[in-house]
2 protein chains.
Amino acid sequence: MAKNAAVSLSVIKRLPRYYRFLGDLLQNGIHRISSKELAEIMNLTASQIRQDLNCFGGFGQQGYGYNVAALHSEIANILGLDSGFKTILLGAGNLGRAITTHMNFDEQGFHLVGVFDSSAQVVGTTVRDFVVQHTDALATFCGEYQPVAAILCVPKESATELVPKLIEYGVKAFWNFSHFDINAAQYPNVAVENVHLGDSMMTLSYQVKELISPTPKNQ
Amino acid sequence: MAKNAAVSLSVIKRLPRYYRFLGDLLQNGIHRISSKELAEIMNLTASQIRQDLNCFGGFGQQGYGYNVAALHSEIANILGLDSGFKTILLGAGNLGRAITTHMNFDEQGFHLVGVFDSSAQVVGTTVRDFVVQHTDALATFCGEYQPVAAILCVPKESATELVPKLIEYGVKAFWNFSHFDINAAQYPNVAVENVHLGDSMMTLSYQVKELISPTPKNQ
């Protein structure tokens, strides 16, 4: 049924949003929706939706619309949300602790297996149900548990040091909150999602500035 | 000097990354850099860099390169990083507390003036130097302090309720971590930066899945 081989990354990046909206519909007991109705809720055009979802074939039927549950579960399947990829988190400061407690790892493809920090004050404390371990223990831990993903909530300097080591230990994916830009060209077989919160805030600053006192247009 | 009137949002979105790299160079005592060297560090091409930075005119000189401090400060200026836009944060759970303590608001255009929550357990507790106030106090607070930006670390349902109210109270910008998609079409005079951490994680899940067991290519 699914003909998802040719799906582009730009479509993939839109799938989580479809998944969220379809999940909301299911929660509200809605099991069938037309592309027009879905378009309205999601602030897209019906033709955009048909184009995106046609990549996966067979879920929309003329005169019936989409089967919400089937589409929701097919998207979960494409994204690999039940994969439970073993994951470690590095940096148990404020942000790392928030990520550890806030995210629903297991519903989003990942399974957290360990939390690490290099600070003596933090090692040994508990976050959720994890006792924070020292980063010196990473090699042994990775040998034993073989985590495939790492979440970086560490300063830039630590990330610069840790990334090559973690790749050597078998880590294949980084969810990167550090200011270190992982060079995709240097590590072609590694998946990276960068979340630069500061960049996002600075972009918002520009937008507010332009709203309040727009830069004069050139002639 | 600056001819930034015609700068597109796609260039603007790249500026924070330039700003970070230039800041690193300054910290390392580097005051002058060629577009070729900067390109190498940032994993871009020299021509991309020249194209981006030419929008702001006059910082690159043939045979000299860029004046790092001047370019750094011009980008700060364009992004409005010294604006100190008065900002409130809503939702003092794990994520809200992490954002409050983790972000350098004042270096990124914003100045935090209040933290709010609707839960009786959280109201009255302290985050950084803020006593968490009840969301019922928002109207009065906004009347008095006139915050221009709001950070949403609340569940979707609360965000759905809070956004129209906050706009009525004069808020013009949202840094949105909630699952509520603020409809830009509905509020044309409002700036929004959405940070959907779950979407980012799901996109990474897809990438890991494709790395480990690629979807077979269609004939």
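Some notes on this structure:
- The lone exception for residue A:111 - which of (1) under 24 Å from the mean Cα position of the chain (by Cα); (2) outside any strand (DSSP E or B) it fails: (2)
- Residue that is over 30 Å from residue B:172 (Cβ atoms), aromatic (Phe, Trp, Tyr) and in contact with a Lys or Arg (Cβ under 7 Å, 6 or more places away or on another chain), where the choices are A:174, A:180: A:180
- Entry remark, the stretch B:166-215: residues being among the aromatic types (Phe, Trp, Tyr) and not assigned by TED's automatic domain parsing to the domain that holds residue B:89 number 1 in total.
- Residue in the stretch B:154-169 that is at positive phi and polar (S, T, N, Q) present: no
- Some residue of the stretch B:68-75 being modelled with pLDDT of 90 or more and under 15 Å from residue A:209 (Cα atoms): yes
- Output for the stretch B:1-44, where each listed residue is among the hydroxyl-bearing types (Ser, Thr, Tyr), modelled with pLDDT of 90 or more and over 20 Å from residue B:64 (Cβ atoms): B:19
- From the options B:126, B:45, residue that is touching a helix residue (DSSP H, G or I) at 6+ places or on another chain (Cβ under 8 Å), without any contact (Cβ under 8 Å) to a residue 24 or more places away in the chain, more than 20 Å from residue A:201 (Cα to Cα) and polar (S, T, N, Q): B:45
- Looking only at residues in the stretch B:155-184 that are within 17 Å of residue B:141 (Cβ to Cβ) and aromatic (Phe, Trp, Tyr), the one that is surrounded by the fewest Cβ atoms within 10 Å (Cβ to Cβ) is B:169.
- Test: residue in the stretch B:119-128 that is under 24 Å from the mean Cα position of the chain (by Cα), outside any strand (DSSP E or B) and away from every other protein chain (no Cβ under 12 Å): no
- Pairs meeting the criteria (first residue in the stretch B:90-116 and within 16 Å of residue A:205 (Cα to Cα), second residue part of a loop (DSSP other than H, G, I, E, B) and among the hydroxyl-bearing types (Ser, Thr, Tyr), beta carbons under 9 Å, at least 6 apart or on different chains) are B:109/B:83; B:110/B:83; B:111/B:83.
The values are calculated or read from the model by the stated rules, or taken from the named source; none is laboratory data. Note that the structure is predicted; figures quoted are calculated from it, not measured. Heads up, the Cβs are rebuilt from the backbone with ideal geometry, glycines too, and the neighbour counts pull from every protein chain shown.
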